[in-house]
Amino acid sequence: MAQTTLNNDTKTTSQPIAHELAKKQKEVSVAEFFERNRHLLGFDNKRKALLTVVKEAVDNSLDACEEARIMPEIIVEIVEMGNDRFRVIIEDNGPGIVKKQIPNIFAKLLYGSKFHTMKQARGQQGIGISAAVLYSQLTTGRPTKIKSKISPKDPAHIYELRIDTSTNSPEIIKEEETIWNNKDHGVRIEMDVEATYQKGDQGVDAYVKQTAIVNPHATFIYTNPKAEQMIYPRASEHLPKEPMAIKPHPYGVELGILLKMVKQTEKRTLQAFLTEEFSRVGPGTAKEICENSSLDPRMKPEQLEHPHVEKLMEGIKKTKIIAPSTDCIVPIGEELLEKGLRKEVPAEFYCSVTRPPEVYRGIPFVIEVAVAYGGTQPGDQPARILRFANRVPLLYQMSACASNKAIIQTDWRRYGMSQSNGALPVGPMTLVVHLASVWPPFTSEAKEAIAHYPEIIKEMKLALQEAGRQLGSYVNKKRRVADQQQRINIFENYIPEVAAALADITGEKKEIITAAMRKMLEKNKEFIMRNQAQVQEVDSEGPSLGKSYEDDDEDVKEDGKE
């Protein structure tokens with residue numbers, strides 16, 4: 001008989017204690033995990049929970065409309081039910097969801113169509129909207145109601161759903177068909193959640209407004225819990241270009257992923273595997289990779305063991321491969337980004353910059369920046385920062401975000417702004433930073449901040465500097481005009497005294513000297529008026545877009561070596 005000591009108590013048992021411990025071990029479903037760790041998904045406080053629910057539903061609606069090539073029109077309504085409970089209603093005019101898929105999409109975590117596709121999209125893991133359903137049932141116990149219609153000829157289907165967290169599967173409470181007369185196609189979601197509503201930069205009001213800025217092709221009709229309705233009409237009648245899915249790039253693949261790929265491929269030779277399973281790898285490049293790896297191109301992929309794959313990784317690193325295709329990402333564009341900013345932020349000067357595509361870990365990305373300066377914006381406070389990733393506002397964890405680091409490291413004093421070391425610029429300015437990528441590197445599942453990849457920070461700084469130069473040109477010109485006007489005003493006030501003194505000195509009549517001085521003053525006023533007109537022209541039309549500059553900050557070139 002085996003004798004075992006446990007918690008300082010001596011016990012005699014017929015089998016080792018490991019057998020007793022094994023009885024307690026069991027698999028945890030993903031729904032159970034997030035049931036206990038909902039803070040990882042953005043539900044760590046009531047105010048943030050309301051924003052997260054709205055955000056996940058709106059993101060899904062925008063993605064669905066764009067994939068179906070439908071101009072989005074999204075209704076967001078929040079109704080206060082009392083006792084910190086709110087009913088969130090999101091309705092879109094998208095393609096709808098087929099009956100069979102409704103339960104899985106809304107009541108099964110990690111179920112979606114975007115995780116395995118390498119193209120730009122707002123959603124990624126298939127967690128968002130089902131996590132909102134999970135939060136709803138946890139805090140109110142009520143099921144989520146979904147209404148979907150896929151065409152004018154088909155009836156609408158209504159489901160009331162919960163998530164069975166022990167199995168991560170849908171629990172259908174109610175199912176029925178109905179008539180949805182005023183809608184040809186679309187989805188409507190209703191869920192009750194425990195939350196609090198507050199206005200401010202981190203609330204639903206700010207989220208909807210910022211989403212309207214970076215989605216100028218969409219119309220939003222938003223009603224807040226105070227029954228105040230805000231309509232954000234679209235500024236563009238054209239949908240963004242549809243992103244194309246691409247295959248992974250060899251430079252971004254890690255050893256474990258490559259091992260998995262060679263075991264799962266159906267290709268018969270190593271050369272065919274490299275050519276067909278990766279982007280930017282043709283037959284010639286594949287053969288060169290094999291040569292650099294000392295592997296036979298005719299070798300069968302299933303024969304590759306760990307040492308072979310390590311050699312293959314080294315061969316990839318030694319081979320010069322073209323950068324990934326950028327068809328998989330669709331930036332907003334300078335013109336539309338500026339239009340969206342003008343529509344929602346009243347200012348006197350606007351400019352925007354879209355950088356050329358770059359790559360981190362083999363994943364392509366594009367950085368965009370826009371500036372709105374002056375107007376009624378406060379001049380004695382830090383600039384307002386609007387951060388976005390794939391057209392989605394990032395409202396929390398600003399200090400942990402790469403965009404915040406890039407803004408702080410940019411010297412805004414050379415562009416006419418006030419700035420202390422290690423701080424945001426101070427002045428009447430709204431600054432937009434947008435990352436468009438196949439796979440934005442978020443710091444957590446809540447998707448609230450962008451990780452500090454040196455390549456991303458470098459591109460952000462270059463874009464900020466380019467926008468800063470345009471801003472600095474405007475600010476300096478406006479300041480010169482103001483200084484000239486001030487000098488003329490002072491001189492005009494002292495003309496009688498100066499004329500009298502010159503008359504005493506020269507013996508000329510005071511009236512003649514006064515007239516000559518006023519004539520000279522008029523010429524200066526005409527010059528200032530021309531300068532003011534040029535400044536106002538920039539105010540109304542903005543600077544010319546697409547202008548390129550040389551880097552004006554040498555240290556940005558070293559960011560890739562941080």
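Before moving on, here are some points about what is shown:
- Over the range 179-329: Rg over Rh, Cα atoms, Kirkwood Rh: 1.25
- Crossing angle, helix 204-214 versus the chain [Cα axis fit, 0-90 degrees, rounded to tens]: 70 degrees
- Around the Cα centre of the range 33-223, unit charges on the Cβ atoms of Lys, Arg, Asp and Glu (plus for the first two, minus for the last two) sum to a dipole of about 240 debye.
- Relative contact order for the chain: 12 percent, from Cα pairs under 8 Å spaced at least 6 residues apart, divided by residue count.
- Estimated [θ] at 222 nm from DSSP helical runs (n ≥ 4, -39500 (n - 2.57)) normalised by residues in the chain, nearest 500: -12000 deg cm²/dmol
- Theoretical FRET efficiency, 1/(1+(r/R0)^6), r = Cβ-Cβ of residue 33 and residue 322, R0 35 Å, to 0.05: 0.30
- For the chain, the share of DSSP beta bridges that are antiparallel, to the nearest 5, is 85%.
- Farthest positive-ward along the chain dipole, Cα basis, beta-carbon charges - from 157, 18, 33: 18
- Taking the convex hull of Cα positions in the range 334-472, its mean projected area over all directions (nm²): 7.7 nm²
- You can think of it this way: the chain between residue 176 and residue 98 has 26.7 nm of extra reach, that is 0.36 nm per residue less the Cα-Cα gap.
- Whole-Hz Karplus values for the range 448-454 come out as 10, 8, 9, 5, 8, 6, x Hz, taken residue by residue from phi with 6.51 cos²θ - 1.76 cosθ + 1.60 and θ = phi - 60°; glycine and proline positions read x.
- Rg/Rh for the range 32-170 (Cα atoms only, Rh after Kirkwood) is 0.94.
- Each label was represented as a point 7 Å from its Cα along the Cα-to-Cβ direction; for residue 408 and residue 21 these points are 4.4 nm apart.
- Cβ charges +1 (Lys, Arg) and -1 (Asp, Glu), total dipole of the range 334-472, debye: 120 debye
- Distant-in-sequence amide H partners of residue 173 (H built 1.01 Å from N, under 5 Å): 160, 161, 162
- Förster radius 41 Å - calculated FRET efficiency between residue 381 and residue 280, Cβ distance, rounded to 0.05: 0.30
- Seen against the Cα atoms of the chain and their longest principal axis, helix 510-541 is set at about 10 degrees.
- Counting other Cβ atoms within 10 Å as a rough exposure proxy, the listed residues 405, 108, 55 run 405, 108, 55 from fewest neighbours to most.
- Protection proxy ranking, highest mean first, for peptides 79-87, 379-387, 423-431: 423-431, 379-387, 79-87, where packing is the per-residue count of other beta-carbon atoms within 10 Å, averaged.
- Given the choices (i) 37.3; (ii) 41.2; (iii) 24.5, mean projected area of the Cα convex hull in nm² derived from the coordinates of this structure is entry (ii).
- Evaluated with a Cβ-only charge set (Lys, Arg +1; Asp, Glu -1), the chain carries a dipole of roughly 400 debye about its Cα centre, given to the nearest 20.
Every read-out reported here was derived from the displayed coordinates using simple, explicitly stated rules and does not represent laboratory data. These numbers were taken from a predicted model, which means no experiment stands behind them. Quick reminder, even Gly has a Cβ in these numbers, built from the backbone with ideal geometry, and neighbours come from all protein chains shown.
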